[in-house]
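K.L.:
Have a look at this one.
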Amino acid sequence: MNKVRTRIAPSPTGDPHVGTAYIALFNRCFAHQHGGEFVLRIEDTDQQRSTDKSEQDILSSLKWLGLTWDEGPGCEGDFGPYRQSERSDIYSDHIQQLLENGSAFRCFCTPERLDELRAQQMQDKSQPGYDGHCLSLSQSECENKCAADEPHVIRMKIPGSGECEFEDMLRGGVSIAWSQIDMQVLIKSDGMPTYHFANVVDDHLMEISHVIRGEEWINSTPKHILLYQHFGWEAPAFCHMPLLRNPDKSKLSKRKNPTSIRYYEAMGYLPEALLNYLGMMGWTMPSGEEKFSLSEMEASFDISRVSLGGPIFDIEKLDWLNGKYIREELTDEEFTKRFAAWAFAPEKVAQIVPLLKQRVERFSDVASLGGFFIDGSLEISEASFAHKTIDSAQSAKILQFTLWKLEALEQLDRDAVEVELHALAAKFELKIRDFLFPLFVALSGKAVSTSVIESILILGIDIARARIRQAILVLGGISKKQAKALEKEFCNF
RNA sequence: GUCCCCUUCGUCUAGUGGCCUAGGACACCGGGUUUUCAUCCCGGCAACAGGGGUUCGAAACCCCUAGGGGACGCCA
């Protein structure tokens, strides 16, 4: 058997997600269990959404958890570069091969035509997908369009009939009809490869032997297998892990649950506890022991022990485990050190001090005024939101709208938040001080507090989001029906 | 809508045809220890989705039904 090599391939388009860490953990364990290597590759082919900041966040979050990689950015091996945006030449060479051997074709259809096509297919309740329009273009038509610089994409050809059968390491045989598979775009009109194409090319060139990824990819596996065939390459083994779930069983999402690794860091979870918790999602030690370190997991890892039901990410059990780690693994000295490093991180203190200094008369005022910066959840009740003109329903609405605004914000900076909040207050026809009142309470637990905007920035979007959501719940919550109506109103704002 | 995957206590799970009257952990409820609380200890509650096969024997294998989830983008 060839050397085992696995990879995690995050896309730097948002917060570092616990799901990424989850899949990374299993990839790392599998590789190391077999004396192989674990590779990190950045899939930044989406030029619109990829950011350097997100990449940095993902890398540092994985490191924080101890999920270091044997090869990847900052740890160059023989298969670099490890960032897809730096591999353009490789993709253009390879797409040329497919164009030449007839397994891919140029498509000049406009996005408008494709939207229309899809809308029609949806209406007819048929399987949405490309209709093969440009397949019938003659060679000369195609050349003329290219010469005229007409924007186009490159798509892969799909067998007209039959089934794609493949082995999943956990599920056994899976078969999907080729008729279900779309003629996937491989190269976008901006010249960048799509995930499907870059992923296959890179996995092959980086000699990835086992692709361990989320269940959401099962349905596109035939596309990948077909690409390996088009190139004449041997496909790796595939293994699809169950998806982490919200308490309502849907795929874990930030709208329903904190998903950012940063959130768990900011809430004061120990990385080793969070990692251990992720390890017990769908997996158990052969001994049955629930508390285990990364090296223990790697030593006893056995992928066949993965269970297939999608596990619910249960914060209560994580809390228990984290407490267990604090009690059993930290000496008083270590606790002191780690708590201080967490609570009094210099960058954080530097931001908080100016806000507190002007509002305190004695140091002994600091804890009650600034305590909410290190508190986890706040003790608030509906009564905390009592206000002379704003009732509970109105408060909940203000909080919900603010939450949506914050979620929509590309980047969290002072000015942007200020502009948005003022705009919202105006729409509500409220004075900014009245409008901000529920936010003060939601974020700090008190009616009197440091600046809301600064507080959001210091707390971080993840904690702010969680607190606002909690406050809405305390205020009686918002039913699905109400949420729908509100969302409509929000869009019209 | 079409296709794919999944299904054991509320939750995470053990279980690979007889050790199953289904085990452990979280949560919850009792009790003990503790000046309170927490920790810790002891006890309790609680599940094989339903139906049909195969078998001497099914939680486990097969089929059907139901439920849940996912995928169907010039996002990944």
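The values are calculated or read from the model by the stated rules, or taken from the named source; none is laboratory data. Remember, it's a predicted structure, so these values are computed and weren't measured experimentally. Every residue, glycine as well, gets a Cβ built from its backbone with ideal geometry; the counts of neighbours run over all protein chains shown. We work out accessible area using only protein heavy atoms, side chains counted, and drop any ligands, DNA or RNA first. Shrake-Rupley method; radii C 1.70, N 1.55, O 1.52, S 1.80 Å.
K.L.:
Which condition number does A:LEU65 fail, the rest of (1) in contact with a Leu (Cβ under 7 Å, 6 or more places away or on another chain); (2) in the same structural domain as A:LYS223 (by TED's automatic domain parsing) being met?
P.N.:
Against the list (1) in contact with a Leu (Cβ under 7 Å, 6 or more places away or on another chain); (2) in the same structural domain as A:LYS223 (by TED's automatic domain parsing), A:LEU65 comes up short only on (2).
K.L.:
With the requirement that a residue be of a type in the set (Lys, Arg) and loosely packed, with under 12 Cβ neighbours inside 10 Å, what does region A:349-370 give you?
P.N.:
A:LYS357, A:ARG362
K.L.:
Then there's this: Please tell me if A:MET285 is closer than 22 Å to A:THR68 by Cα, more than 8 Å from RNA strand B (Cβ to nearest atom), assigned to a loop (DSSP other than H, G, I, E, B) and touching a helix residue (DSSP H, G or I) at 6+ places or on another chain (Cβ under 9 Å).
P.N.:
For A:MET285, the condition - closer than 22 Å to A:THR68 by Cα, more than 8 Å from RNA strand B (Cβ to nearest atom), assigned to a loop (DSSP other than H, G, I, E, B) and touching a helix residue (DSSP H, G or I) at 6+ places or on another chain (Cβ under 9 Å) - is met.
K.L.:
May I pose another question? Looking at this structure, is A:GLY173 small (Gly, Ala, Ser), within 9 Å of RNA strand B (Cβ to nearest atom) and either outside any helix (DSSP H, G or I) or open to solvent by 40 Å² or more (accessible area, probe 1.4 Å) (or both)?
P.N.:
Here the answer is yes, as A:GLY173 does meet what is asked.
K.L.:
Of everything in region A:305-319 that's surrounded by fewer than 14 Cβ atoms within 10 Å (Cβ to Cβ) and among the acidic types (Asp, Glu), which residue is farthest from A:VAL366 (Cα to Cα)?
P.N.:
Taking the candidates together, the pick is A:ASP314.
K.L.:
Shifting gears a bit: Considering only region A:205-220, state which residues are surrounded by fewer than 20 Cβ atoms within 10 Å (Cβ to Cβ), within 12 Å of RNA strand B (Cβ to nearest atom) and of a type outside the set (Gly, Ala, Ser).
P.N.:
A:GLU215, A:GLU216, A:TRP217, A:ILE218, A:ASN219 - these are the residues of region A:205-220 that are surrounded by fewer than 20 Cβ atoms within 10 Å (Cβ to Cβ), within 12 Å of RNA strand B (Cβ to nearest atom) and of a type outside the set (Gly, Ala, Ser).
K.L.:
Still on this structure, I have one more. So the check is Cβ under 6 Å with 6+ separation or different chains; which pairs have a first residue in region A:237-249 that's assigned to a loop (DSSP other than H, G, I, E, B) and a second one that's charged (D, E, K, R) and open to solvent by 10 Å² or more (accessible area, probe 1.4 Å)?
P.N.:
A:PRO242/A:GLU215; A:LEU243/A:GLU215; A:LEU243/A:LYS251; A:ASN246/A:LYS256
K.L.:
Among the helices (runs of 4 or more DSSP H) confined wholly to region A:1-105, which include 1 or more residues that are of a type in the set (A, V, I, L, M, F, W, C) and within 27 Å of A:LEU243 (Cβ to Cβ)?
P.N.:
A:18-33, A:52-65
K.L.:
Further, regarding this structure: Looking at region A:407-424, which of its residues are among the hydrophobic types (A, V, I, L, M, F, W, C), within 12 Å of A:LEU457 (Cβ to Cβ), part of a helix (DSSP H, G or I) and open to solvent by 10 Å² or more (accessible area, probe 1.4 Å)?
P.N.:
Listed by number, the list holds a single entry, A:ALA416.
K.L.:
Among (1) in a loop (DSSP other than H, G, I, E, B); (2) more than 10 Å from RNA strand B (Cβ to nearest atom); (3) outside the structural domain of A:PRO311 (by TED's automatic domain parsing); (4) surrounded by fewer than 16 Cβ atoms within 10 Å (Cβ to Cβ), there is one condition A:GLN229 misses while meeting the rest; what is its number?
P.N.:
(1)
K.L.:
Give all pairs with beta carbons closer than 7 Å in which a residue from region A:335-352 that is touching a residue at least 12 places away in the same chain (Cβ under 8 Å) meets a residue that is hydrophobic (A, V, I, L, M, F, W, C); count only pairs at least 6 apart in sequence or on separate chains.
P.N.:
Pairs that qualify, where the first residue is touching a residue at least 12 places away in the same chain (Cβ under 8 Å) and the partner is hydrophobic (A, V, I, L, M, F, W, C), are A:ARG338/A:LEU330; A:ALA343/A:ILE374; A:LYS348/A:ILE458; A:GLN351/A:ILE458; A:ILE352/A:PHE373; A:ILE352/A:ILE458.
K.L.:
Of all residues in region A:372-407, how many are small (Gly, Ala, Ser), under 22 Å from A:ILE315 (Cβ atoms) and at pLDDT 90 or above?
P.N.:
0
K.L.:
From the set of residues in region A:118-161 that are open to solvent by less than 40 Å² (accessible area, probe 1.4 Å) and near RNA strand B (Cβ under 9 Å from one of its atoms), which is modelled with the lowest pLDDT?
P.N.:
That would be A:GLN121.
K.L.:
Among what's in region A:189-204 and is near RNA strand B (Cβ under 6 Å from one of its atoms) and at pLDDT 95 or above, pick the residue that is most open to solvent (accessible area, probe 1.4 Å).
P.N.:
Across region A:189-204, the extreme among qualifying residues is A:TYR195.
K.L.:
What are the residues in region A:320-340 that are assigned to a helix (DSSP H, G or I) and open to solvent by less than 70 Å² (accessible area, probe 1.4 Å), if any?
P.N.:
Answer for region A:320-340, where residues must be assigned to a helix (DSSP H, G or I) and open to solvent by less than 70 Å² (accessible area, probe 1.4 Å): A:LEU321, A:ASN322, A:GLY323, A:LYS324, A:TYR325, A:ILE326, A:ALA340.
K.L.:
Also, I was wondering about something else. Just the residues that are out of contact with any Lys or Arg (no Cβ under 8 Å at 6 or more places or on another chain) and either without any contact (Cβ under 8 Å) to a residue 12 or more places away in the chain or under 15 Å from A:TRP217 (Cβ atoms) (or both), please, taken from region A:25-43.
P.N.:
Correct list: A:PHE26, A:GLU43.
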